Amino acid sequence: MIDRWKTHQKRLAKLWDPKQNQEGFYDFHSNELSQAYRLYSLALAGDAEMGAMNRLREQAKLHPSAKWRLAAAYALAGQKEVASKLLEGLGTDIKPYRELAGSYGSDLRDKAMILETLVQLERKEESSKLVRVIAEEIGKMRWFSTQEIGYALIGIGKYAKTFPPASGIRFQYQFGSTAATDMGANNPVMQVALNAQTGNLKVKNTSDGLLYVRVISSGQPLIGQESSSSENMKMQVAFRNTDGSNLDIAKLKQGTDFVAEVTVTHPNFPFSFPYYEMAIDQVFPSGWEIINSRMDDVEYFNNTSRPEYQDIRDDRVYTFFDLQPGTTQIFRIRLNAAYLGKYYLPSTACEAMYDDQIHAHLAGRWVEVVL
């Protein structure tokens, strides 16, 4: 399998043409980075495509992110001098940005990829400065895309493996009213599970080096205490009879067929760019059954939008689509009130998968199925 993959990647690397954007990338920067990453992956597999690497290196005005990844490929191929020369004049500061598609990049993702290259070139001083920047960034209480957190952990992990602390880590912690506890490990990372309780958490660094501490807590909102919200998009959720008339779902008669309708709108302000990789998450009460209309090939409303992809499961539906500026899309799911009882309808959410500034959430509610 790996041999077939390498053959395919080498063929694409040789055929890559900087003058054409045949694969539908988000922008040309992503096209260059894709080629650089392809060459990096081949070098990582021990089968560097030097001809394609040299052609990309000679490309005029090669984007910095592609240069950094190409330099990592040269380093893996044993050409560290070429890698260093390629990086001459490049800094590690990246202007804030975020891609909703293409390579799904951001300034944090790019910094993490730069760190990976610096570690590969064994530039300890520059790596140490950048790993602190990245560690501080991912320690903030904010949303991160999978690209950001994934590459950040890869970069920090490779840094810790290449430049391990000389004496391991040692620290002391005290949580609430419990006694202080001494902890330590020879590994650069250690995780301590704590039982939830009231009170302050105190941590004291008793090792010789710098210690990064992160408190991770998880949970879920109590039923009925979610709140509705929206940012940079609009979403409406309605329930209708199969003839299109409005339906009150507070009490549904058993056996009723009805439709859940989600309407999403791109307001074209303050963002005027297309919203790529949007997702709607709908979870339905266990007393309702989803009727998969794709199985009977019946269209109940002729103005229903067609998603890029839709994942229909037993109790939920995930809908994926793109949304152009100033446009509205309507997605519908046919349902049946199957089982008697009182159930909770969880919140409906729509969001850009790679930008938390674009989202909408509608709070859940109680519903009943009656005779």
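The values are calculated or read from the model by the stated rules, or taken from the named source; none is laboratory data. As the structure is a prediction and not an experimental result, all values here were calculated from the model. Cβ sites come from the backbone with ideal geometry, for glycine too, and all protein chains shown count toward neighbours.
Structure above, values below:
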| item | result |
| --- | --- |
| Answer from Ala36, Ala75, Ala60 - the residue that is part of a loop (DSSP other than H, G, I, E, B) and assigned by TED's automatic domain parsing to the domain that holds Tyr97 | Ala60 |
| When residues of the range 155-171 are limited to those that are surrounded by 15 or more Cβ atoms within 10 Å (Cβ to Cβ) and under 30 Å from Asp355 (Cβ atoms), the one modelled with the lowest pLDDT | Ala160 |
| From the options Ser286, Ser227, residue that is touching an Asp or Glu at 6+ places or on another chain (Cβ under 7 Å) and not in a strand (DSSP E or B) | Ser286 |
| Search result, residues across the range 78-110 that are assigned to a helix (DSSP H, G or I), touching a residue at least 40 places away in the same chain (Cβ under 8 Å) and more than 18 Å from Leu56 (Cα to Cα) | Leu108, Arg109, Asp110 |
| Options Ala349, Ala337; residue that is touching a strand residue (DSSP E or B) at 6+ places or on another chain (Cβ under 8 Å), among the small types (Gly, Ala, Ser), under 25 Å from Arg142 (Cα atoms) and surrounded by 14 or more Cβ atoms within 10 Å (Cβ to Cβ) | Ala349 |
| Unmet criterion (only one of (1) surrounded by 13 or more Cβ atoms within 10 Å (Cβ to Cβ); (2) under 24 Å from the mean Cα position of the chain (by Cα); (3) in a strand (DSSP E or B)) for Pro307 | (3) |
| Count - residues of the range 45-86 that are among the aliphatic types (A, V, I, L, M) and farther than 22 Å from Tyr104 by Cα | 12 |
| Verdict on Tyr40 being under 28 Å from the mean Cα position of the chain (by Cα), within 30 Å of Glu277 (Cα to Cα) and at pLDDT 95 or above | yes |
| Residues satisfying the stated conditions in the range 39-48, i.e. free of Cβ contacts under 8 Å to residues at least 40 places away in the same chain and either surrounded by 19 or more Cβ atoms within 10 Å (Cβ to Cβ) or part of a loop (DSSP other than H, G, I, E, B) (or both) | Leu39, Tyr40, Leu42, Ala43, Gly46, Ala48 |
| Number of the exception - Glu277 against (1) under 20 Å from Thr242 (Cβ atoms); (2) in a strand (DSSP E or B) | (1) |
| Failed condition for Phe331, given (1) modelled with pLDDT under 95; (2) assigned by TED's automatic domain parsing to the domain that holds His361; (3) more than 23 Å from Ser145 (Cβ to Cβ) | (1) |
| Long-range neighbours under 6 Å by Cβ, at least six apart or interchain, first residue on the phi > 0 side of the Ramachandran plot within the range 232-257, second crowded, with 16+ Cβ neighbours inside 10 Å and modelled with pLDDT under 95 | Asn232/Phe271 |
| Only one of Ile358, Ile312, Ile280, Ile290 that is within 28 Å of Ile223 (Cβ to Cβ), surrounded by 15 or more Cβ atoms within 10 Å (Cβ to Cβ) and without any contact (Cβ under 8 Å) to a residue 24 or more places away in the chain | Ile312 |
| Those residues of the range 84-118 which are surrounded by 13 or more Cβ atoms within 10 Å (Cβ to Cβ), more than 13 Å from Ala152 (Cα to Cα) and under 25 Å from the mean Cα position of the chain (by Cα), in sequence order | Thr92, Ile94, Arg98, Glu99, Leu100, Ala101, Gly102, Ser103, Tyr104, Leu118 |
| Selection count, the range 120-148, where residues are in a helix (DSSP H, G or I) and touching a helix residue (DSSP H, G or I) at 6+ places or on another chain (Cβ under 6 Å) | 10 |
| Qualifying residue in the range 299-311 (condition: touching a Pro at 6+ places or on another chain (Cβ under 7 Å) and of a type in the set (Ser, Thr, Tyr)) | no |
